[in-house]
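See below for the structure under consideration.
The values are calculated or read from the model by the stated rules, or taken from the named source; none is laboratory data. Small disclaimer: the values here were computed from a predicted structure and weren't measured. A quick note on method: Cβ atoms are made from the backbone with ideal geometry, for glycine too, and the neighbour counts reach across all protein chains shown.
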Amino acid sequence: MNRSGAFRSRILHVTSTDPLRYEYLEDGVLLVEDGKVVDLGAAEVFGRAGFALGQCLHEPDYLIVPGFIDTHVHSPQLDVIASYGEQLLEWLNKYTFPAEARYADETYAATSAVAFLNSLLEAGTTTALVFATSHHKATDLLFDAANEKNMRLIAGKVLMDQNATPELHDTAKGGIADSEALIRSWHGKGRLGYAITPRFAGTSSVEQLTLAGELHQRYPGTWIQSHISENLDEVRWVSEVHPHVDDYLDAYERYGLVNERSVFAHCIHLTESERRRFADKGAKAAFSPSSNLFIGSGLFDLAQAKEDGIDVALASDVGGGTSLSMLRTIADAYKVCQLKGYSLSAMEALAMVTLGGAEALHLDPFVGNFEKGKEADFIMLDPNATNVMSRRIGFSDSIEDEFFVMMTLGDEKTIAATYVAGEKMSL
């Protein structure tokens, strides 16, 4: 196991999200020891200081960037990616719930967990916030596989005690007991964290939501993740399932599930009141453009969210999303933003999938850029991965334009190598 090394290449990372700042080294050296960044700078400076540049792994054509961060993805939905022809509620019943039911088989759950994590790494994603299934053991196996790979992963057993396929139902108290057992086993172990995970308000009873909020109070270092306002039919349905609440956000808010450690996927159809309260509580939005386009849920308004003071990160949302590649996710985000009258710049996009994603998950002390002391999760991007990309980048006159081409045309093929805590991943 080699978690140390010197890497010489072109290097790009975001140093600040507010204001947005980045550093680009045309010929840089990234020095890693024991899985952490110990130094970064221009190769010329290293050489003048007496550093033996010949010891570096030298990849002058590649571009090293921090590992990508996916703030909302479903591990069991790899098997339903690219499923035809339904909108959200029908899609869940027809495709997702049957796929998740298969995770009752522990052998299947174990092999599928490894396949999911390998697929993330193949796409250059080194950190993710993950929905598992409602099965205690399957969630345990996902954590075990991530720990074996030394990945920085936050995940949670899905809580749903109503309105789903019966074999996926837990119980209000049983689901919380399972979650607490998983917290004790995995939260804070290695590079792992636990997220309390009601699937969405419609599939959890008042008792379960109440107990979930109480669980977070007992373990305030955990995260909370769920869905909100993805689809207009879903919004109406939740109001029918929970007629006592004022609006969708209130279905979480009144149970103590909305705070600065909460990440809600989608957030497309929030009302003005919900947006204001969402921002005031410090909750984070996981913008899932590929999924929103594929399932036909709507167009997230990034400019409005920024104006409202809502922190937004990017997410693949596989299997509604059609790729685990955060490059493809960025490409879809750019298109959605264009339709909403906002041009997403290359560097803002890079920030959203690196340092901004880390900040949204409170992981920026550990990952997100190449600040000294941070964990050395990084990827090597190949600008010559395809003929079209290589030709187009040949006409680029700036790193901003080059990364824009990569984020528009790139996918897994663009990832030449993925490193986790300084160790190259063999997939």
| note | Restricting the stretch 358-378 to residues that are of a type in the set (D, E, K, R) and touching a residue at least 40 places away in the same chain (Cβ under 8 Å), the one surrounded by the most Cβ atoms within 10 Å (Cβ to Cβ) turns out to be Asp377
| request: Any residue in the stretch 150-163 that's within 10 Å of Thr126 (Cα to Cα) and crowded, with 23+ Cβ neighbours inside 10 Å: show its pairings with residues that are at pLDDT 95 or above and basic (Lys, Arg) at Cβ separation under 6 Å, as long as the two are six or more apart or on different chains. | output: Arg152/Arg191
| request: Check whether at least one residue in the stretch 379-387 is buried (at least 16 other Cβ atoms within 10 Å of the Cβ), more than 29 Å from Thr96 (Cα to Cα), touching a helix residue (DSSP H, G or I) at 6+ places or on another chain (Cβ under 7 Å) and not hydrophobic (A, V, I, L, M, F, W, C), and report yes or no. | output: yes
| remark: The one condition Arg236 fails out of (1) free of Cβ contacts under 8 Å to residues at least 60 places away in the same chain; (2) not in a helix (DSSP H, G or I) is (2)
| field | Selection from the stretch 275-316 of residues that are among the charged types (D, E, K, R), assigned to a helix (DSSP H, G or I) and over 27 Å from Ala132 (Cβ atoms) | value | Arg275, Arg276, Arg277, Asp280, Lys306, Glu307, Asp308
| request: Being closer than 27 Å to Arg191 by Cβ, surrounded by 22 or more Cβ atoms within 10 Å (Cβ to Cβ) and modelled with pLDDT of 95 or more narrows it down to one of Ala251, Ala265, so name that one. | output: Ala265
| said: Being in the same structural domain as Gly296 (by TED's automatic domain parsing) and surrounded by 14 or more Cβ atoms within 10 Å (Cβ to Cβ) narrows it down to one residue among His74, His58; which is it? | reply: His74
| task | Sort out which residues of the stretch 316-350 are of a type in the set (Ser, Thr, Tyr) and in contact with a strand residue (DSSP E or B) (Cβ under 9 Å, 6 or more places away or on another chain), and write them in order of number. | result | Ser316, Ser325, Thr329, Ser345
| request: Name, by its number, the condition in (1) surrounded by fewer than 16 Cβ atoms within 10 Å (Cβ to Cβ); (2) farther than 27 Å from Met352 by Cβ that does not hold for Ala6. | output: (1)
| query | Can you name every residue in the stretch 96-117 that is under 16 Å from Glu167 (Cα atoms) and of a type in the set (Gly, Ala, Ser)? | reply | Ala99, Ala101, Ala104, Ala109
| request: From Arg152, Arg102, grab the single residue that is over 18 Å from the mean Cα position of the chain (by Cα), assigned by TED's automatic domain parsing to the domain that holds Lys284 and basic (Lys, Arg). | output: Arg102
| Subset of the stretch 179-217 [assigned to a helix (DSSP H, G or I), β-branched (Val, Ile, Thr) and buried (at least 21 other Cβ atoms within 10 Å of the Cβ)] | Ile183, Thr203
| Among the residues of the stretch 296-309, how many are under 16 Å from His227 (Cα atoms) and surrounded by 16 or more Cβ atoms within 10 Å (Cβ to Cβ)? | 3
| Which ranges mark the helices (runs of 4 or more DSSP H) fully within the stretch 46-162 that have 2 or more residues being within 21 Å of Pro289 (Cβ to Cβ)? | 88-91, 106-122
| Out of Ala145, Ala128, Ala115, Ala109, sole residue that is out of contact with any Ser or Thr (no Cβ under 9 Å at 6 or more places or on another chain) and either acidic (Asp, Glu) or closer than 20 Å to Ala195 by Cβ (or both) | Ala145
| So which pairs qualify, if the first residue must be in the stretch 55-68 and closer than 20 Å to Leu314 by Cβ, the second must be acidic (Asp, Glu), the Cβ gap must be under 6 Å, and the two must be at least 6 apart or on different chains? | Gly67/Asp377
| said: Between a residue in the stretch 277-295 that is over 14 Å from Gln225 (Cβ atoms) and buried (at least 24 other Cβ atoms within 10 Å of the Cβ) and any residue that is of a type in the set (D, E, K, R) and modelled with pLDDT of 95 or more, which pairs come within a Cβ distance under 6 Å, given they are 6 or more apart or on different chains? | reply: Pro289/Asp332; Ser290/Asp332; Ser291/Asp317
| message | Taking the criterion of being within 14 Å of the chain's Cα centre (by Cα), among the hydrophobic types (A, V, I, L, M, F, W, C) and closer than 26 Å to His58 by Cα, would at least one residue in the stretch 286-309 satisfy it? | response | no
| If you scan the stretch 106-142, which residues turn out to be crowded, with 24+ Cβ neighbours inside 10 Å and aromatic (Phe, Trp, Tyr)? | Phe116, Phe131
